Amino acid sequence: MQSKAVIPLFKPKRSSIEILKELEDAYNRQVSLLPQPFENERVKIETLFYPLQEISGDFYDTWYDQENDALHGYVIDATGHDICSALQVFSLRELFRCSFDVSENLGKRMEWINRKLWDDRNDPVHAAALMFSLKSDGVLCYTAAGISPVYVHLNGQSRYIDMPGYLLGMIPSADYAESCLRFKKGDWIMFMTDGFSDRLSKSLLPPQKTISAMKRIGHDPLRRDDASALIVTIKEDTNV
């Protein structure tokens with residue numbers, strides 16, 4: 001008769017106070033990596049970040065590419081909203097940053113990230129994501145991996161745009177396409193995770209009313225998911 005392996009029950013080796021202190025440190029570390037709201041004569045960036053637990057499976061980042069006079073960014077929504085999801089986010093953050101050296105095409109960058117995730121199947125990662133580049137001529141290009149619809153205001157009209165695509169880590173040979181939109185002064189776009197999109201009314205509200213609604217969702221004690229957003233407003237027609 002084959003004997004079964006004896007696996008001891010999980011027992012914390014540290015006090016609850018020590019564990020909570022480490023969770024607090026992890027939260028502070030995660031928040032320190034997030035970009036701060038930003039505004040200059042060309043563009044305004046607002047951010048919202050509401051973890052469900054101590055740390056979040058959501059993440060976003062933006063940075064200015066001085067050489068190409070462009071604003072780059074991405075949004076990540078890892079499956080789950082616990083410590084494991086947060087650890088996956090840290091790994092994804094490095095891949096997203098490195099991907100901008102791989103290709104000029106955003107779809108090819110997302111494909112590179114997806115293949116990298118499949119290189120290490122010992123630590124499977126599944127995540128919805130989106131990356132974008134806002135160029136100096138007002139053209140915003142993006143590619144998506146199954147993330148929530150984005151809310152845009154273009155040419156005096158507001159609408160939701162679906163963001164189809166396979167989740168990262170689901171299919172090794174997944175293709176991701178690059179799409180582009182042209183923005184002008186007064187236009188805006190809201191990138192968000194499903195912690196917001198699943199609960200927002202589909203009524204098309206002005207941006208500040210939408211942001212107020214998102215903040216109410218973020219503070220709602222009945223919320224059951226991480227909720228994060230990047231809101232980009234164009235302040236000039238060109239040279240963003």
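Rule-based calculations on the coordinates, nothing more; no lab input. In this text the structure is predicted, and so the values were computed from the model without any measurement. As a convention, Cβ positions derive from the backbone with ideal geometry for all residues, glycine included, and neighbour counts pool all protein chains shown.
Once the other residues with Cβ under 11 Å from the Cβ of Asn40 are scored (Lys, Arg +1; Asp, Glu -1), what is the net sum?
Values: positive: Arg42, Lys44, Lys235; negative: Glu39, Glu41, Glu236.
Neighbour charge sum, excluding Asn40 itself: 0.
Once you list every other residue whose beta carbon is under 10 Å from the beta carbon of Asp61, what net charge do they have if Lys and Arg are +1 and Asp and Glu are -1?
Details: positive: Arg93, Arg97; negative: none.
For residues surrounding Asp61, the net value is +2.
Hey, what did the chain get for relative contact order, percent, Cα under 8 Å, at least 6 apart?
Details: 468 pairs, mean separation 57.1, N = 240.
RCO, the chain: 24 percent.
Within the shell defined by Cβ-Cβ distances under 13 Å, the residues around Asp225 carry a net charge of -4, with Lys and Arg each +1 and Asp and Glu each -1.
On the beta carbon distance between Ser173 and Leu33, with R0 = 35 Å, the FRET formula returns roughly 0.70. Sum up the lysine pairs in the stretch 153-240 that clear both bars: alpha-carbon distance under 20 Å and a spacing of 8 or more or different chains. So the count works out to 5. Sequence-ordered 3J(HN,Hα) estimates for the stretch 15-29 from the Karplus curve with 6.51, -1.76 and 1.60 and θ = phi - 60° stand at 6, 4, 5, 5, 5, 5, 5, 5, 5, 5, 5, 5, 4, 4, 5 Hz, glycine and proline given as x. Helical content of the chain, expressed as a calculated mean residue ellipticity at 222 nm, amounts to -8500 deg cm²/dmol (DSSP H runs of 4 or more residues, -39,500 (n - 2.57) each, divided by residue number, nearest 500).
Kindly express, to the nearest 10 degrees and within the range 0 to 90, the angle between helix 207-219's C-alpha long axis and the longest C-alpha principal axis of the chain. The two axes meet at around 10 degrees. In order along the stretch 142-149, the phi-based Karplus estimate (6.51 cos²θ - 1.76 cosθ + 1.60, θ = phi - 60°) of 3J(HN,Hα) comes to 8, 9, 10, 10, x, 8, 4, x Hz; Gly and Pro are listed as x.
Each part reduced to its alpha carbon centroid, the stretch 16-46 and the stretch 189-226 end up 19 Å apart.
Database remark: amide H of Asp137 closer than 5 angstrom to the amide H of Asn239, Val240 (H placed geometrically; neighbours at sequence offset of 5 or more, or on other chains; Pro and chain starts carry no H).
From largest to smallest, the equivalent ellipsoid semi-axes obtained for the stretch 36-234 from the alpha-carbon gyration tensor read 25, 22, 14 Å.
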